[in-house]
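These notes are about the structure you will find just below.
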Amino acid sequence: TCDTGDQQTTAAVRLKEPAATIVERLKDVAAYEGEDAVFECRLSRETAQDAQWFLGDVPLQSNEMNEIRVQGTRHSLILRKVTLEDCGSISFKVGQHSSAA
């Protein structure tokens, strides 16, 4: 605000969070049935944007079979005790960016 006594003007500052990009992409994983499969990727920055993991087209959540972790810019997915039904494409999406393995 600028106030001269008989006149006043006001402006505001608004900040937009820059979009995160994927700087370390997913790599293919081979595992034996019953083992854990670990997928990791790294973003350009820590972000509050929604990041999502998918098995095929199915969004994944943390539960007894899937563990999703975020440590700073590193995002990881652990598929616990994989079976043949877990074979397929794993993808990670954040904003407009995605990576698959």
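The values are calculated or read from the model by the stated rules, or taken from the named source; none is laboratory data. Please read these numbers as outputs of a predicted model, since none were measured by experiment. Please note: Cβ atoms are built from the backbone with ideal geometry, for glycine as well, and neighbour counts cover all protein chains shown. Only protein heavy atoms, including side chains, enter the accessible area calculation; ligands, DNA and RNA are left aside. Shrake-Rupley method; radii C 1.70, N 1.55, O 1.52, S 1.80 Å.
Brief remarks follow.
- Kirkwood hydrodynamic radius of the chain, Cα pairs, Å: 15.8 Å
- The accessible area of THR9, taken with all protein chains in place and a 1.4 Å probe, comes to roughly 90 Å².
- Environment charge at ASP86 (Cβ cut-off 12 Å; Lys +1, Arg +1, Asp -1, Glu -1): -2
- Most to least accessible of HIS97, HIS75 (protein chains only, probe 1.4 Å): HIS97, HIS75
- GNM top mover of ALA31, ALA12, ALA20 - the chain, alpha-carbon springs below 10 Å: ALA12
- Set of lysines with alpha-carbon distance to LYS27 below 27 Å, sequence-local pairs under 8 removed: LYS81, LYS93
- Cα centroid separation, the stretch 73-89 to the stretch 22-58 (Å): 8 Å
- Taking every protein chain into account, the accessible area of the stretch 27-86 amounts to 68 square angstrom per residue (probe 1.4 Å).
- Accessible area of the chain belonging to carbon and sulfur atoms, whole % at 1.4 Å probe: 47 percent
- The DSSP beta bridges internal to the stretch 22-100 are antiparallel in roughly 100% of cases.
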